[in-house]
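Working notes for the structure below.
The values are calculated or read from the model by the stated rules, or taken from the named source; none is laboratory data. This is a predicted model, so every value here is computed, not measured. Glycine gets a Cβ as well: all are built from the backbone with ideal geometry, and neighbour counts include every protein chain shown. Side chains are part of the model used for accessible areas, which takes the heavy atoms of the whole protein and leaves out ligands, DNA and RNA. Shrake-Rupley method; radii C 1.70, N 1.55, O 1.52, S 1.80 Å.
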Amino acid sequence: MTAAEVGRPAPRLAPSRGTRAPGAARTGLRLIRLYLASRRVLGALLVLVACALALRTALHWLPRTGVFSRQIPLIIEAGAAAAIGVTARSPFGEPERVTGRWLPVLRLGGTVALAGAAFGALAAGAASAHLAGGSIGLLRDLGGLVGIALLAAAVAGGGLSWIGPIGYLGVTMAAVTGAWATPWTWPARPPHDRGAAICAALVFAAGLAAVTLRGARDPAARE
């Protein structure tokens, strides 16, 4: 060792890949946990369970045919969609959009997971009971309603996202009663109607893209 090397600081060793992995995994899990807590996902899941129980009770007492056998389940599905739309609201507003580079991924994963949970809960509530349209109709109608709720969250904010599915529900009630033929009122169409399925899928994709890329509108943000 020379005199010049005595005062030179020792080089830092880069952490090995095995050392970085556990820390990165813990950070990722903590980020997911904080995101889910900020969106009140647990409360949304409880609402979905309540909707499943309500659907189960309604199907037990409803007639197997008629207008009410289609309208009452749609009301419950709209409630589940509204619960998902509310979770798009961010309590942090614009600062979160600026600093959260993983935010679009969390939005996408959280929304898809909640939509899947809603379908699973309602399908379980309708198990061994007669649901007009069956599982295919449930998937189509719920997916379209969730898409409307997400679009409403992107335009009006997460707190007002319920306006979308509830407003569309009013149109749907008239469509079911009058047997409208347009595929954009997909709940009024038969479950295997291809055009209705495409329209519902397009609305769901548009709502998912809007919330993933833009998030819910922050009413407190200045234009």
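Miscellaneous remarks
- Whichever residue in the range 137-155 is farther than 16 Å from CYS51 by Cα and without any contact (Cβ under 8 Å) to a residue 60 or more places away in the chain and, among such residues, is most open to solvent (accessible area, probe 1.4 Å): LEU151
- Highlighted here are the helices (runs of 4 or more DSSP H) found entirely within the range 104-223 that include at least 3 residues which are at negative phi and over 19 Å from the mean Cα position of the chain (by Cα): 163-178, 194-213.
- Any hit, the range 158-177, residues being in contact with a Phe, Trp or Tyr (Cβ under 7 Å, 6 or more places away or on another chain), touching a residue at least 40 places away in the same chain (Cβ under 8 Å) and under 23 Å from PHE68 (Cβ atoms): no
- When residues of the range 98-114 are limited to those that are more than 12 Å from VAL41 (Cβ to Cβ) and of a type in the set (A, V, I, L, M), the one least open to solvent (accessible area, probe 1.4 Å): LEU103
- Where ARG97 falls short, out of the listed (1) under 27 Å from ALA200 (Cβ atoms); (2) at pLDDT below 90; (3) in a helix (DSSP H, G or I): (1)
- Residues satisfying the stated conditions in the range 156-208, i.e. of a type in the set (A, V, I, L, M, F, W, C), touching a Pro at 6+ places or on another chain (Cβ under 9 Å) and open to solvent by 60 Å² or more (accessible area, probe 1.4 Å): LEU160, ILE198
Rundown of residues vs (1) under 23 Å from LEU62 (Cα atoms); (2) modelled with pLDDT of 90 or more; (3) in contact with a helix residue (DSSP H, G or I) (Cβ under 6 Å, 6 or more places away or on another chain), yes/no style:
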{"site": "LEU114", "(1), (2), (3)": "no, yes, yes"}
{"site": "GLY143", "(1), (2), (3)": "no, yes, yes"}
{"site": "ILE148", "(1), (2), (3)": "no, yes, yes"}
{"site": "PRO183", "(1), (2), (3)": "no, yes, yes"}
{"site": "TRP186", "(1), (2), (3)": "yes, yes, yes"}
{"site": "ARG189", "(1), (2), (3)": "yes, yes, yes"}
{"site": "ARG194", "(1), (2), (3)": "no, yes, no"}
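- Among the residues of the range 27-48, those identified as open to solvent by 80 Å² or more (accessible area, probe 1.4 Å), closer than 26 Å to GLY125 by Cα and either in contact with a helix residue (DSSP H, G or I) (Cβ under 8 Å, 6 or more places away or on another chain) or among the β-branched types (Val, Ile, Thr) (or both) are ARG40, LEU42.
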